[in-house]
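Data first, discussion second: the structure below is written as structure tokens.
Every number in this text was worked out from the coordinates using simple rules, so none of it is lab data. Not measured: the values here are computed from a predicted model. Neighbour counts are summed over all protein chains in view; Cβ atoms, including those assigned to glycine, are modelled from backbone coordinates with ideal geometry.
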Amino acid sequence: MPVFASLPPPLLNQPADITEVTGVAQADLLGAPVVPDLSVSVPPTVNPTADFTAPLRLAEADADTAVVRDQPLEVTADRQEFDLLRRLFSAIGNVLLRFRQAELSADRIQTDLTSQILVAEGNVTITRGDQVLRGDRLEYNLQLDQGLITNASGVVNAARVNQDLDISRSADPSNLPGFSDSERRTLQAEVTDALDRLRFEADRLEFDGRRWYATNLRVTNDPFSPPELEVRAQEATAQPINPDETLLTLRRGRVVFDQRVALPIVLRQFVVGRPYEILPLEFGYDEQDRGGVFLIYRYAAINTRNTTLTLLPSIYLQRILSNNFALTRANSYGAAMELSHRFSPQTRIRGYGFLTTLDPADWPRTSRAIAQLRHSINSQNLFNVSAIYRQRIFNGSLGEQEVKSSFGGTFTSPGIPLGHGLTLSYLLGGQYVTAASDLASLPPEPTLGRLQAGANLNWVTPLWQGTPLPPTQTEGLRYTPRPVQPFLQFYTNVGGVANYYTNGSTQPALITGAGFRGQFGHLSRNWFDYTSFDLGFTQTFNDQSSPYLFDRIADFSVVNVGLLQQLYGPVRAGAQMQINVDTGAVFNTDILVEYSRRTYGVVVRYNLDRQIAAILFRINGFNWQGNADPFSSPVLGTAEDGVIRPDLP
């Protein structure tokens, strides 16, 4: 349903001849701004001027109108007319109107100063910041701040739309190099400045000061026509819900690829700024918890402005096949639940529960859960309190370990720029942990307090930077949403971490590292036109060990290797791994295959050591992505130099 009633078209009869109404020639009434006394019936005498296109401020023409008086309209046009008796103002030819930090241009604009309704016709364009809206006809109520535009089309800068609407976004805290995912993140093409513009069309668009409603909406992130991807909806409504986010509601939404293939959008409501999975059924692979290949269905049970609850029933396909199609077994199915609630723009809570089987007798030893309370301080520093039950931690050559339970908090800082490519970051934390230990002086699963502090200094210097191709359909934007810029960098970091445990054990460590990363090619030709690499070495100095296995430092000299190569057209493949120089052990190996288009992409990722895999489907510019479970599961983490971080898809 529309978010407000459609505005009736105002009575816009052609104004009577000015000479008939006032007895004064038309040329004597037009020109410089005038301040008529509207309380008397006899029009004032004014000095004529030959400049009929001079800006006219309607606030001076009608000082009794509160809305116009407080926020005047400034009009420039080839011709401007007043009908003072009927209080109608008309501007004809190359009309430009400025009002409320926006600009409106049209062939003709007529305003009824009594009802405060403005009508614009012919090549109507509204501009505010980087947002542009066009149409055939605009009806706008100046007092109610409501409007209607027909045959609407326009461009929205996705990167700046919140800024133009005075919506501030919190910055994510930077991870600590050495404790971070910088060397484990999936290799991706480094690109130049974003072309984050979304084009849209609608048969009818109604709006007011806070929301808009569209019928037969079509949106694309492709700057070229015909678009290779479109999001279509029979009806769509957008409304800000807080200073950071906007609620988007779709009716009969679908995604259309290359004007041929259409997929339905299951969720009816989205919060702009949050990542969403657009496919209802998703495949993944998890050998330990799910027995191999599994299928997940996402059901949004609750999806409100501040609260979301998603149920994720799953079928373990490979386990069913290996058990001779035992469809009735409880361990052939599982379920998960994701809960998120936003208390304020800075504070939110998240819960996740995972049942690896539907047999209640197995839940105490197989289920996993986590609850997190996150608070952003000064929009940068992040304070996190979490309670975890049975978390899987991957700790280098020691393999996958399990934290039976953990409760505590961490405080992380962003990367603080120090100049000349230097950044400083730090971490403080404390937990109460129960996990496996191999020390004879402790029980098999001791419960200890764990305090941690760390700091890191990172330096990146560019060695070479190439020139990106022009952002055209056949060159720079053939297979990527932005032109690829070749580069070569040298990076180094120095950091320190200190862990203290309540049994008296300590694990101090000094970490140093250096390496090269870069990319060559532009990903515009059919064959081998893109190569990305990362080659680094990390040395850790440590003489005392953790009593636990999940955070014990066991890899002191490590080489990090990553490579991503275009094979043909939009297809790229690569791998990344870590090698223990002392023992020769290779661990944390990821295999990647990517299908990259200008507007969307598909990535298949498989980790040999953890035996997990995921298919990630993304739509550029919409913040819509496929489920990366199990990589994105909150109950999975990785230990690097004694610091635990969550996995990223």
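Just a few scattered comments:
- Per-residue packing, averaged as other Cβ atoms within 10 Å, sorts the ranges 612-618, 548-554, 466-472 into the order 548-554, 612-618, 466-472, beginning with the highest.
- Ordering of 219-226, 594-601 by packing is 594-601, 219-226, highest average first (other Cβ atoms within 10 Å, averaged per residue).
- Surrounding net charge for Tyr432, when Lys and Arg each add one and Asp and Glu each subtract one, Cβ distance under 13 Å: +2
- Semi-axis lengths (Å, descending) of the ellipsoid that matches the C-alpha gyration tensor of segment 312-364: 33, 11, 6
- Value in Å of the Kirkwood radius, where segment 488-587 supplies the Cα pairs that are averaged: 15.9
- The stretch between Leu85 and Asn526, if pulled fully straight at 0.36 nm per residue, gains 151.8 nm over its current Cα-Cα span.
- Segment 245-361: C-alpha gyration tensor shape, a/c 1.5 cut-off, then a/b vs b/c: oblate
- Two-site FRET efficiency, Asp438 against Asp362, from Cβ-Cβ distance with R₀ of 25 Å, rounded to 0.05: 0.45
- Full-extension gain in nm, Asp145 to Arg329, via 0.36 nm per residue minus C-alpha separation: 60.2 nm
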